[in-house]
Amino acid sequence: MCLPTRSRLSGGVEMSAWAPKRFWKETVVTETEGGFTVHLDGRPIRTPQKSALTVPTRAMAELIASEWEAQQGKIAPETMPATRAANSALDKLSVQREAVVAMLAAYGETDLLCYRAERPLQLVARQAEIWNPLLTWAAETLQAPLQVTEGVLPVAQPAASLARLTAGIAALDDFRLTAFHDLVAISGSLVLALALISGQIDVAEAWAASRLDETWQSEQWGIDEEAAATEAAKRAAFEQAWRFYGLCG
């Protein structure tokens, strides 16, 4: 996210006009029409598209406020995941909602949990042990059975199952859908993300299930430092998305 030189606009502090350095002294959470917002020296924060940054819960606003308050010297947007997620919910989901739902629904067609190794047998067994219960849950609870295959060649999934999974996505509000997008995109599994938000598994279990193949490889060949750093960054983003989801109310 770029940081243009202008920092203030009348009526509020515009996110797309951040100054390169901190320009405010006081960060305050304020209740407003439709939810909560954050004021910097009395001016409400605005999104890059100049929308009021109004979020559904005080807890979410407090997290955003803590991100702004933590900025010392040069502003670092990469250290403000909740702020960026709220911006996306307000600016992007409002105009791209149908496209986002369709994109996430497409994960059901090639869900990670449906594509299994042919060998070695130990990996095959581990995939079955961890992934099969999640697919059983989807089939029984969501009424969305999916086909499992070996290898990487695509397998057609039942249209009725995909329709039910899509309905589950579409039922999410914009803020939850923003977090859910990251849970699906990072894990590669729509079923896994749905199981997480439904309370079927916790975030640690969800992460471990999504990285089962990578964990297996590291057990066989050792840990590559660069790959481990990438893995850590993905895990942090996954956990941040889950935290944001939990603050939606």
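No lab work stands behind these numbers, since they all come straight from the coordinates. Being a predicted model, the structure only gives us computed values, none of them experimental. Glycine also receives a Cβ, built like all others from the backbone with ideal geometry; neighbour counts cover every protein chain displayed.
Residues with beta-carbon under 11 Å from that of P133, excluding P133: net charge, scoring Lys, Arg +1 and Asp, Glu -1?
Cβ neighbours under 11 Å give a net charge of -3.
Compute the length gained on full extension between A163 and Q122: take 0.36 nm times their separation in residues and subtract their Cα-Cα distance, giving the result in nm to one decimal. Can you show the working numbers first?
Working: separation 41, 0.36 × 41 = 14.76 nm, distance 3.39 nm.
Taking A163 through Q122 to full extension adds about 11.4 nm, to one decimal.
Return R119, R211 ranked ascending by Cβ neighbour count within 10 Å, so the fewest neighbours appear first.
The fewest-first ordering by Cβ neighbours comes to R119, R211.
Taking K and R as +1 and D and E as -1, what net charge do the other residues with C-beta under 10 Å from the C-beta of S88 add up to?
Values: positive: R84, K92; negative: D91, D174, D182.
Here the charged neighbours net out to -1.
Using alpha carbons only, what's the Rg to Rh ratio of region 78-209 with Rh from Kirkwood?
Reported Rg/Rh (Cα atoms, Kirkwood Rh): 0.99.
I'd like the antiparallel share, as a percent to the nearest 5, of DSSP beta bridges with both residues in the chain.
75 percent
At 222 nm, what value in deg cm²/dmol follows for the chain if DSSP H runs of at least 4 each add -39500 (n - 2.57) and the sum is divided by all its residues, to the nearest 500?
Here the helix-only value at 222 nm equals -16500 deg cm²/dmol.
Contour minus end-to-end for V28 and R43, with contour as 0.36 nm per residue of separation and end-to-end as the Cα-Cα distance? Could you put the intermediate results ahead of the total?
Details: separation 15, 0.36 × 15 = 5.40 nm, distance 0.95 nm.
Extra length from V28 to R43 when fully extended: 4.4 nm.
Which lysines have a Cα less than 21 Å from the Cα of K74, not counting those fewer than 8 places away in the same chain?
Result set, ordered by chain and number: K21, K25.
Roughly how big is region 95-246's charge dipole about its Cα centre, with Cβ charges of +1 (Lys, Arg) and -1 (Asp, Glu), in debye to the nearest 20?
360 debye
Work out, step by step, the length gained on full extension between A185 and S198: first 0.36 nm times the residue separation, then minus their alpha carbon distance; give nm to one decimal. Don't skip to the answer; put the middle values down first.
Working: separation 13, 0.36 × 13 = 4.68 nm, distance 1.75 nm.
Using 0.36 nm per residue and subtracting the Cα-Cα distance, I get 2.9 nm.
Enumerate the calculated ³J(HN,Hα) couplings along region 31-43 in order (Karplus 6.51 cos²θ - 1.76 cosθ + 1.60, θ = phi - 60°), each rounded to whole Hz, writing x wherever the residue is Gly or Pro.
6, 9, 4, x, x, 9, 9, 10, 10, 10, 6, x, 9
Tell me the angle of helix 58-69 to the major Cα principal axis of the chain, expressed in degrees between 0 and 90 and rounded to the nearest ten.
70 degrees
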